[in-house]
Amino acid sequence: MPVKYPIPRGTFDVLPSESYKWEFIESKFRQVAKAFGYKEIITPIFEHSEVFERSVGDSSDIVQKEMYKFQDKKGRSFALRPEGTAPVIRSYVEHNMGADNQTNKLFYIGPMFRYDRPQAGRSRQFSQYGLECIGSNHPYYDAEVIQVFYTFLKELGLKNFSVEINSIGCPECTENYNQALIQYFQPHIDELCTDCRNRLEKNPKRLLDCKVTACKKISKEAPSMLDYLDESCKVHFAQVQAYLTMAGIPYIVNPRIVRGLDYYTNTAFEFINNNLGAQNALGGGGRYNKLVEQFGGKDTPGIGFAGGLTRLLISLEQEKLFMGDDNKPMFYFIALGEKVMPVAIEMISFLRSHKFYTEFDIEKKGIKNQMKNANRLMCRYTLILGEDELAKNIILMKDMLNGEQKELNLEDFKVIIDSLKVSSQS
RNA sequence: GUGGCUGUAGUUCAAUGGCAGAGCACCGGAUUGUGGUUCCGGGCGUUGUGGGUUCGACCCCCAUCAGCCACCCCA
């Protein structure tokens, strides 16, 4: 059947068979983030283009090739947000949240947009969860941010992932290191792939990530970032690791982690799941000590991370961590005949107002048909009210697990429902 | 953005260039007010879309759209 209006490329519908998983993941993230003292912030889905161009970086692929940019009716340039940190910092500065001299801890969940060729784990609209800790350069917070992510994944039951950390130092260290890399690779320039020749000029650190065997071979002996950290950056990184150990978080130091957004300084980290194929990063983050200043605020350090919801979902499913939808009906109400409707509807309203998920289908006729339906929906109890029952002032309640059926006095009904509520809560 | 693989019923998949099929799901029935198991019955689908080759195309060719894989990028 040809679809008249197909969904845009790289987007997807989250259907009821999936949406409860999204709700579960989001509520778990909120719960964990709140336990660490983070508060939710909700920013617009679009911003002035400059918010991203001047922070994520003019030269980054995200800004150059992947941003959904558009003009409004007055010719102003906006962009659908490609990531979550820049908007949060924009908001932080705009509302002068640093005025209280406290460390501000914020989290968010929401859709992001990047124009890229779709693949499993990579779509044009995707959902990210993330958080930002703004106002302190204490290495404890570097570890705390990683700990929130780690705790979240563990709470979901995920086993198959690793934490990789690195420090790219302050801008001075990075500059020194870039020079060292250029010096190292320059003599080998003829052996490098064309991409890497470009990288050598634009962003030498990217060479370390190249998958071409020839480049890999050369970069194997390349100088390590960690040898180019100055004394204070070195101490900071060592302390981050100390705090991670105190928090009981296993990690790997990977000097080749290079983050793609320009604003990162010092600590950078990634959460990797190698069963995910090419899109193997569950999430990542790092410190951005110059970003608030770039947005016109006063010199304020910060650190944060973001993770992809869909990739997490794929990982959870690989590990079979979803057993099913727990939103099953408590009751299925079968009302037989028009005469019983006034009483039936009053009872159904009563159940629902007591927060019992109660199914009722006024169009389905016949007790057999409806029993079948109750069974398919996996209802716990079926309530049957026909004219015979109404005449005797009773209702039938059938336990769908063992097939036992009881007659209840209508007067006793509310009392019994109340007691059910108590027992299901305990 | 580059290269490759794929596209058939709600879904998972069949069908040498010669009448488009099966499992699951769904709907109906097996003496009228009781589910799950069983049995019986129920499918004319623009074979993603548009062209072309051919007596004849799900099958071959071209284009296009979409998904997937690798690159790239990163969540």
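Things worth noting here:
- Pair list, Cβ under 9 Å, 6 or more apart: the stretch A:15-28 residue within 18 Å of A:Phe152 (Cα to Cα), other residue of a type outside the set (Phe, Trp, Tyr) and exposed (fewer than 15 other Cβ atoms within 10 Å of the Cβ): A:Tyr20/A:Asp325; A:Tyr20/A:Asp326; A:Tyr20/A:Asn327; A:Lys21/A:Glu317; A:Lys21/A:Asp325; A:Phe24/A:Asp326; A:Lys28/A:Glu155
- Tally, over the stretch A:48-57, of residues that are closer than 15 Å to A:Leu291 by Cβ, of a type outside the set (A, V, I, L, M, F, W, C) and not in a helix (DSSP H, G or I): 3
- Looking only at residues of the stretch A:87-111 that are surrounded by 19 or more Cβ atoms within 10 Å (Cβ to Cβ) and free of Cβ contacts under 8 Å to residues at least 40 places away in the same chain, we find that the one that is nearest to RNA strand B (Cβ to nearest atom) is A:Asn104.
- Within the stretch A:217-258, restricting attention to residues that are of a type in the set (Ser, Thr, Tyr) and within 26 Å of the chain's Cα centre (by Cα), the residue that is surrounded by the fewest Cβ atoms within 10 Å (Cβ to Cβ) is A:Thr245.
- Residues located in the stretch A:202-230, provided they are away from RNA strand B (no atom under 13 Å from the Cβ) and under 15 Å from A:Gln179 (Cβ atoms): A:Ala222, A:Pro223, A:Ser224, A:Met225, A:Asp227, A:Tyr228, A:Leu229, A:Asp230
- Taking the stretch A:114-146 as the range and being within 12 Å of RNA strand B (Cβ to nearest atom), more than 14 Å from the chain's Cα centre (by Cα) and assigned to a strand (DSSP E or B) as the test, only A:Gln119 passes.
- Boolean, A:Glu363 is surrounded by fewer than 12 Cβ atoms within 10 Å (Cβ to Cβ) and not in a helix (DSSP H, G or I): yes
- Listed by position, the helices (runs of 4 or more DSSP H) enclosed by the stretch A:166-243 that each have at least 1 residues that are in contact (Cβ under 8 Å) with a residue 12 or more places away in the chain and closer than 21 Å to A:Gly285 by Cα are A:171-185.
- Selected residue (criterion: farthest from A:Gln102 (Cα to Cα)) from residues of the stretch A:278-304 that are part of a strand (DSSP E or B) and within 8 Å of RNA strand B (Cβ to nearest atom): A:Ala281
- Any chance A:Glu359 is in contact with a Cys (Cβ under 8 Å, 6 or more places away or on another chain), more than 7 Å from RNA strand B (Cβ to nearest atom) and of a type outside the set (Lys, Arg): yes
- Among the residues making up the stretch A:180-216, those that are basic (Lys, Arg) and within 35 Å of the chain's Cα centre (by Cα) are A:Arg199, A:Lys202, A:Lys205, A:Arg206, A:Lys211, A:Lys216.
- Qualifying position, being closer than 30 Å to A:Tyr92 by Cα, surrounded by fewer than 23 Cβ atoms within 10 Å (Cβ to Cβ) and in contact with a strand residue (DSSP E or B) (Cβ under 7 Å, 6 or more places away or on another chain), among A:Pro171, A:Pro139: A:Pro171
Every number in this text was worked out from the coordinates using simple rules, so none of it is lab data. Given the structure is predicted, the values throughout are model-derived calculations rather than measurements. Every residue, glycine as well, gets a Cβ built from its backbone with ideal geometry; the counts of neighbours run over all protein chains shown.
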